[in-house]
Amino acid sequence: MGVSTKFSCIRFFLAVLIGLYIGINISGLFHNDTTLEYHGPHSAPGTSSGNEDSNRIRQQLEKSQAEVKRWKAETEKLKNDHSSSLRNLDQLKKVSCTQEEDETKQKSDKINDTTSSSSQLASLNKLSNTNTHPFCQSVLPHPAPTAMSLWNEHILQILSASRVPNDSRFMFHDFTSQLLQIISPRLQRSVKTVPYDWRPVENALTVGFERYKYLQLSQEERHATTINNSNDVPSPRPLKILIMGGSLLVGTNCRMLMKELNFQFQLPKRECTWSNRVGQFLNSFFVNDSNSSKKKKGDVEEPLVHVTKVAMGGTNTGTGSVIWQYDLIPEEARNPDIVINAYSTNDMHILTALEAESANTTLRERTFEMMQGFVRQVLNTKNCNNKDTNNEPIPPLLLHMDDYLGNEQRKIWDTTELSQGAQVLANYYGFVSMSYADTIREFVYGDTYEKWFSSEWWVQERRKKTLTFDRQIHPGMGMHISSMWVTIYNLVHLASTYCSMPTPPHRMNNISEYEAGFWGLPDLKGDFKEPMGKPQPQPKGLPPELTKDLLLEDVTSLWRQSAANDQQQQQSYSTSTCSDDENTPHQNHKVKCPFSWVSGLSLQQNNITFIQEYFRHQSSTWEGWELSEDGDKIGFIPSAITKTSGKNSSQSMVLDFQYSQKIRSITFFFMRSYGTKWIDSELKAKVWSSNHQLLEERNMLGTHNKNTSEIYTEEIILSKPVDAGERLQLEAKLIGGETFKIMGLAVCS
């Protein structure tokens, strides 16, 4: 209760007491008067008792008046004291208010200063949290949207870009729309791992965005840009994507739906596959739609991305490693920015299973070994990137696609062996892995009779109405359309994640010194000692090969030793090669294999006229061999005339080579098959020097105990390399059986 309130209460209380006092006295008087009046008749008027009463009343009134004056004086005194107290309170209040105003002003100033500092800090934090890559600044807002939000926002454009050009009327519109609605909410399930090293992602975005900006120009502006540029600075090149796989990527069974629906437009197998669809999608989505208003009649369409497919039936990742090792891919596809391994179905093929069994190993061990070899081959390949501030070579962006659901193996656990190994390797080496299989696995297990997403496993027996579970590993068109979306979504996910992170140190994903402000984090206080055992940056290069015998206590020392051994070699490579512009070939650069042909790697390498001229130009002896397209697989076999003569001695070819670089190996690609004509099939290869000295010889069997045809490789390492300018001679001769099929040959440094 306040002071003023207390004094008000006292005044009220005193007034009440005075009133009561007066009232009591007055009531007493009236009481006396009544008594007198009551007793009056017994007394005579004017007697002495009446006078006494009057005097007593007068005295009582005087006493009461004096008492009232005294109380009034006390009240006045209290009032004065109260007023003085109120004045003191007002003064105190004024002083207090002044102090409060000063304090409030100071607090306000502090708040304003804090707000200003917070605003500046927020601005700095925003800057420190922002990715400054031109793609991130120009295409995506900050913070970067998730891949799913971008997918949802552009779903109609995605549907439109999913139409292949051959389907001009979009006859597959309804089928594609239904697939897209089913697949879209499950695409996040396809994302398995992201890379350790984000520089390949950055490089791909840089190349793609520079090309995109160039393609936004009109034809006249592009032509003017080309003229104004010097010869040393060509126009931005397309983003290069290389996809490697087996018969599934060739397009086996992809067109069966066209026959079922009776669609008559032309669609070659190679254009039906998801690898071809990825390139068409990216070019349609980012270029064709955005430039449609600028197009004029006669304009030449230039692609944003160039997708190359390297696919042969009956091959697996082991074959892919050899192709990559010796750079046997088409010339225009060499040094790709992105590499996708799509061998998973063929890796789990029964061919590989039987191969593993014959080698006294397990399918899981064999697929793990093949995949690790491929990963190390690709990640050890360094492409120069002139945008790298350290001028260090970087590897291509490697992605692994798991598209295998079965049914080579009937046990579901067995069908997951490759995907388990892929996840171990992806987390060990830090490459990107994605899974079409995991995206739609629940549909397949819930209904193994469906054939939109998986192969047609249940088939009707001839002359019977019953269905049998048949061996089939090649899905139809639905799988190819969906796999295209899985690939696109994972690329979008990488771009979105990259743009969500600040620019500098995250690219290597390595441990570095603390940097205040980075990620918006504060300065270190340094009040206490830093705990011991802070992890050090990992060594450069790949970690040791992952084997069953690799120990935890050894992995660090082995990795550091490997990094030290590779440092000098990488410095030499960087100095000799990466100092040049990335778009300009180095003058001293030599192709790995000056002579190479592998069936099915490109349209040119499937052209019979080209193959014949290519080989005959190198041959000094050509007896009894011809090209065959049997089984849609082009290769050299003994001619029919020679086979009927039974003279194996004449079934030989001799090729002469002479190059301006040292030759260290020769690799054969050949088929192994089954049946009567393949019994005892055998080829002998001999390598001779210029002075007719036998350098190496090797026998290759053309048959195996499997009811399938597959491609094998045989690498002949020369114990004594042939020097540059020296002549080399290769002889291939059939020494057993009726036939043998050579599917490729590479002479390499």
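Worth pointing out:
- Of all the criteria given as (1) free of Cβ contacts under 8 Å to residues at least 24 places away in the same chain; (2) surrounded by fewer than 14 Cβ atoms within 10 Å (Cβ to Cβ), the one not satisfied by Leu217 is (2).
- Cβ pairs under 6 Å, 6+ apart, first in region 342-370 and farther than 20 Å from Leu546 by Cα, second at pLDDT 90 or above and among the polar types (S, T, N, Q): Tyr343/Asn316; Tyr343/Thr317; Asn346/Asn316; Thr352/Asn316
- Residue that is nearest to Phe670 (Cα to Cα) [pool: residues in region 613-633 that are assigned to a loop (DSSP other than H, G, I, E, B) and out of contact with any helix residue (DSSP H, G or I) (no Cβ under 6 Å at 6 or more places or on another chain)]: Lys633
- Residue within region 685-692 that is touching a Ser or Thr at 6+ places or on another chain (Cβ under 8 Å) and in a strand (DSSP E or B) present: no
- From the options Val424, Val486, residue that is under 11 Å from Asp403 (Cβ atoms) and aliphatic (A, V, I, L, M): Val486
- Residues within region 224-280 that are of a type in the set (Ser, Thr, Tyr), outside any helix (DSSP H, G or I) and at pLDDT 95 or above, tallied: 1
To keep it simple, each residue is scored yes or no on (1) outside the structural domain of Phe668 (by TED's automatic domain parsing); (2) touching an Asp or Glu at 6+ places or on another chain (Cβ under 8 Å); (3) surrounded by 23 or more Cβ atoms within 10 Å (Cβ to Cβ); (4) modelled with pLDDT of 90 or more.
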position	(1), (2), (3), (4)
Lys295	yes, no, no, no
Thr308	yes, yes, no, yes
Met312	yes, no, yes, no
Thr319	yes, no, yes, yes
Ile323	yes, no, yes, yes
Asp327	yes, no, no, no
Pro330	yes, no, no, no
Ala333	yes, no, no, yes
Asp337	yes, no, yes, yes
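- Candidates in region 434-456 are the residues that are closer than 30 Å to Ala495 by Cβ, surrounded by fewer than 23 Cβ atoms within 10 Å (Cβ to Cβ) and of a type outside the set (Phe, Trp, Tyr); of these, the one that is nearest to the chain's Cα centre (by Cα) is Asp438.
- First in region 722-748 and closer than 26 Å to Ser709 by Cα, second anywhere and of a type in the set (D, E, K, R) and assigned to a strand (DSSP E or B), Cβ under 7 Å, 6 or more apart: Glu731/Lys686; Lys733/Lys684; Ile735/Glu682; Ile735/Lys684; Gly736/Glu682; Gly737/Glu682
- Only a single criterion out of (1) outside the structural domain of Leu398 (by TED's automatic domain parsing); (2) exposed (fewer than 12 other Cβ atoms within 10 Å of the Cβ) is not satisfied by Arg560, namely (2).
- Within region 148-174, residues that are within 16 Å of Asn262 (Cα to Cα) have Cβ atoms under 6 Å from residues that are outside any helix (DSSP H, G or I) and charged (D, E, K, R) in these pairs: Phe170/Arg163, counting only partners at least 6 apart in sequence or on another chain.
- Number of the condition not met by Gln661 [criteria: (1) modelled with pLDDT of 90 or more; (2) assigned to a strand (DSSP E or B); (3) closer than 22 Å to Trp324 by Cα]: (2)
- Selection over region 239-276 of residues that are out of contact with any Ser or Thr (no Cβ under 7 Å at 6 or more places or on another chain), of a type outside the set (A, V, I, L, M, F, W, C) and surrounded by 24 or more Cβ atoms within 10 Å (Cβ to Cβ) gives a count of 3.
- Restricting attention to region 173-203, the residues that are among the hydroxyl-bearing types (Ser, Thr, Tyr) and part of a helix (DSSP H, G or I) total 4.
- Test: Thr497 is surrounded by fewer than 16 Cβ atoms within 10 Å (Cβ to Cβ) and either closer than 30 Å to Leu179 by Cβ or in contact with a strand residue (DSSP E or B) (Cβ under 6 Å, 6 or more places away or on another chain) (or both): no
The values are calculated or read from the model by the stated rules, or taken from the named source; none is laboratory data. Keep in mind the model is a prediction, meaning the values are calculated, not measured. Glycine gets a Cβ as well: all are built from the backbone with ideal geometry, and neighbour counts include every protein chain shown.
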